1. Distance from the Cα centre of region 455-495 to that of region 353-367, in angstrom?
2. Check which residues have an amide H placed less than 5 Å from ARG22's amide H, if you skip close sequence neighbours.
3. Starting with the highest mean, order 122-130, 67-75 by the number of other Cβ atoms within 10 Å, averaged over the residues of each peptide.
4. Given R₀ = 45 Å, FRET efficiency for CYS464-ARG165 by Cβ-Cβ distance, to 0.05?
5. How many angstrom lie between the C-alpha centres of region 53-97 and region 248-270?
6. Helix 136-145 against the longest principal axis of the chain: what's the angle in degrees, Cα atoms only, rounded to the nearest 10?
7. Which three extents, in whole angstrom, do the alpha-carbon atoms of the chain cover along their principal axes, largest first?
8. Starting from the 7 Å offset along Cα-to-Cβ, what nm value, one decimal, do you get for the label separation of SER121 and ARG180?
Amino acid sequence: MSSAPETTRTHYAHPFDDDKLREECGVFGVFGVADAANFVALGLHALQHRGQEAGGIVTHNTTTGFHSARRFGYVRDNFTSAKLMETLPGELAIGHVRYSTAGSKGRTEIRDVQPFFGEFSMGGAAIAHNGNITNAEALRRELIERGSIFQSSSDSECIIHLMARSLQRDIPERMKDALRRVEGAFSVVAMTRTKLIGVRDPLGVRPLVLGRIGDGWVLSSETCALDIIGAEFVREVEPGEMVVVTPETGLRSHRPFEAKSSRFCIFEHVYFSRPDSILGGRSVYETRRQIGVELAREAPVDADLVCPVPDSGTPAAIGFSQESGIPYAMGIIRNQYMGRTFIEPTEQIRNMGVRLKLNVNRALIKGKRVILVDDSVVRGTTSRKIKDMILDAGAKEVHFRIASPPTAWPCFYGVDTPKREKLLAATMSESEMREHLAVDSLRFISLDGLYRAVGEAGGRKPECPQYCDACFSGEYPVEPADMVERGFKLKTAAE
Ligand code: SF4
């Protein structure tokens, strides 16, 4: 029996999945190696933590032109098929993995899956984008009024339409014109018939790195994806930089935007990036361990065990244990094979909640005073369930230590966040949250402590913060214009 390819998929998150902030995308591109699509598939597999809902690859072959495949589901379930990969020939390829965003409300069309492709008078171009365009609604309105016909509901398609309206004579120049109109966060990987292009927004909010494989070039959201294909890390694409790679000229760097101070997303260090990646010259693992060290200094507590909430709390728990001298233990075990599911869970399964994914190591926990280290508290629903599991297992006390400051503001730069009123820290003080979670103590790392852990010895500079930390501070480095138009209230001077 043959079946038509899926065009729509309704996404059912795990019952506890909505209690984490989620990075929405990962991008990867390769130029100058045979069968580039195979390398892109491996790179996307290494970036799967940045988006599990769907993925796509576009390639170019000098004799057969452009080819593309976009699929729902994990990279390993789609882009490992020899039959599919044979349809993606060429030495130039880009790819994208995507997470279902808050805006899509769980229903995704295959046409929303990147990379997007545009045919211009000077040839075709494909674009994959990580981040969020904060003036996309205004741009879309303007473009539609001027005759553009959108194929998808994705904001990123605006870039293709803006490029189509540019009068420049080559695609990189058109892309510069288009991106100068775009506000927000964007790390773009794009390709033409003969060029691989990478761009970061002027503040460099989302990551993008450059690597080499033999004589070829690689662009990736994170360094962990360079490692999987044996590519060598060269450097980060700088905030506000466009890199263009061609076989004739090699790599050329352009500066299409007005220079600004970098505001890289500090949450990449806390949670989004893989611990084996390098960000800003620092090991993500080491930064997270250091967050635990800072947390133990700022919020010590007498206890018997330090346990991580797996997996993302692990390095901070190790740091907390090392600094406090309290033994580290795996008090909670994660079921490694409980991936995201696209099958609607039954009510009975929903009620199992966090138990589907995490189980308490009873023999270890019984009768102990336990410090649980987690990366963040978003709605607080998962934290409550974990605390219940630990108490059910016979723990004497439960103390939460959180490796990020209270998340009190939504992110508008490419991270899936609940509405502000759903964020626990937006409606409660720290002591109210402690009461709500019914734990013996609850402490978050301070913003200054987090800055120290990422290598800023003097902490946060209030007049010119070194990072984007808007989800903690409410200070948005780029005004979220669309959201403000829809009624979102920015922080007032009095807050
Ligand atoms: S608001 Fe938070 S999650 Fe979003 S880019 Fe800024 S620091 Fe990162």
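Nothing in this text is a laboratory measurement; each read-out follows from the coordinates by a stated rule. Computed from a predicted structure; not experimentally measured. Glycine also receives a Cβ, built like all others from the backbone with ideal geometry; neighbour counts cover every protein chain displayed.
1. 37 Å
2. ASP416
3. 122-130, 67-75
4. Efficiency, from the Cβ-Cβ distance: 0.80.
5. 27 Å
6. It works out to around 30 degrees.
7. The principal-axis extents, from largest down, are 70, 59, 44 Å.
8. 1.9 nm
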